[in-house]
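The next block holds one structure in the form of structure tokens; read it before the comments.
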Amino acid sequence: MSQVSGNVLPISYQGDLAKTFRSLITSDSASYVAWLKLNGLDPNDQVTHEMYSLSNLYVPKIYVERDRLYLNVPRVQFWISFMPEVGTREFIERQLLFKQFSIGDQTSSVSFKVQSVSDISPIKYYGTMEYQTLSPIVIMAMRANNSLEFLRPGNPFFAQFLVDGLIERWERYYRCPYTGNRNFYFNLLQPERRKAININDEMGQQMVVSYMMKFQLSLDPQLQQFAYVCGLGDKTDCGFGFIELLKKKR
């Protein structure tokens, strides 16, 4: 994407990016509904919010000052992945290519124009894979007093909640019980990095505590695929939980 105007974003931009992306792909409602039906999905089903994952912006040169991000490049990138495959490339090009949009807040914003849409090579899914986050992972839990807790990766329940939530989303998407292997193993490959982000969702404005990390995950390959395509953790529809294969130095 190229920057049309502005070069300063709020640090907590990703919720706005996710909302704007959702607005773009649904802007031509007839095309959106036709694409969903082509892939056997009901346009009125909540599962349409969970069928894709969205990364943070990739900005090669960036400067951070307080709660602002200064973009020191003319172009940026982001990645999206979809479970529906039939006609998806054509649909995305039709909905996004050469479209202009703005993200930000009342203090600062940036207008972008989508200049190109490129495919990512398919991957093979194995029982054990290594990933890194391109947008932070959120895991939420309810305390005994009904207050909300955001679990860090070192919490003994983090991995269990991560996998349980993934299976629940898999079952909603495929409309059937998951009967595969539920065994898993989660291992951090380096210390996580904490990110506290303000978002607006159905619960109103809230501070979300999330984590960037590199990790190893052993899991049924069909769940590995769902995690890779649709993201991991909670609030994936708000731009959290996008992962990619960990690129190792040779």
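Report the label-to-label distance for GLN106 and ASN145 in nanometres (one decimal), using points 7 Å from each Cα along the Cα→Cβ vector.
3.2
Can you give me the accessible area per residue for the range 15-104, using a 1.4 Å probe, in Å²?
Working: 4730 Å² over 90 residues.
Accessible area per residue, the range 15-104: 53 Å².
Calculate, for ASP45 and GLN216, the FRET efficiency according to 1/(1 + (r/R0)^6) with r their C-beta to C-beta distance and R0 41 Å; round to the nearest 0.05.
Using R0 = 41 Å, I get an efficiency of 0.80.
Summing Lys, Arg as +1 and Asp, Glu as -1, what charge do residues with Cβ under 15 Å from the Cβ of PRO10 carry, PRO10 excluded?
Here the count lands on 0.
What residues qualify as long-range amide H neighbours of SER109, i.e. H under 5 Å apart, gap of 5 or more or another chain, H built at 1.01 Å from N?
Amide H neighbours of SER109, under 5 Å, 5+ apart: VAL8.
How large is the helix-only mean residue ellipticity at 222 nm for the chain, computed as the sum of -39500 (n - 2.57) over DSSP H runs with n ≥ 4, divided by its residue count, in deg cm²/dmol to the nearest 500?
Dividing the helical sum by the residues of the chain leaves -7000 deg cm²/dmol.
Give me the Kirkwood hydrodynamic radius of the chain, using the inverse of the mean 1/r over all pairs of distinct Cα atoms, in Å to one decimal.
About 19.1 Å, per the Kirkwood formula over Cα pairs.
What is the magnitude of the charge dipole of the chain about its Cα centre, with +1 placed on the Cβ of each Lys and Arg, -1 on the Cβ of each Asp and Glu, and no other charges, expressed in debye to the nearest 20? Walk me through the intermediate numbers first.
Working: 27 positive and 24 negative charges, 183 e Å.
Computed charge dipole of the chain: roughly 880 debye.
If you look for lysine pairs in the chain that are eight or more places apart or on different chains, how many of them have Cα atoms under 17 Å apart?
Eligible lysine pairs with Cα atoms under 17 Å apart amount to 11.
Please give me the summed charge of the neighbours of PRO74: other residues whose Cβ is under 13 Å from its Cβ, Lys and Arg +1, Asp and Glu -1.
Residues close to PRO74 contribute a combined charge of +3.
Quantify, in whole percent, the carbon and sulfur part of the accessible surface of the chain (1.4 Å probe; protein heavy atoms only). Please list the in-between numbers first.
On the way: 6500 of 13280 Å².
Ligands and nucleic acids excluded, carbon and sulfur reach 49 percent.
Going by Cα centres, the range 135-191 and the range 6-72 are how many Å apart?
Value for the Cα centre distance between the two parts: 23 Å.
The values are calculated or read from the model by the stated rules, or taken from the named source; none is laboratory data. This structure is a prediction, so every number in the text was calculated from the model and none was measured. Don't worry about glycine lacking a Cβ; one is built from the backbone with ideal geometry, like all the others, and counts go over all protein chains shown. Protein only, heavy atoms only, side chains kept; ligands, DNA and RNA dropped before computing areas. Shrake-Rupley method; radii C 1.70, N 1.55, O 1.52, S 1.80 Å.
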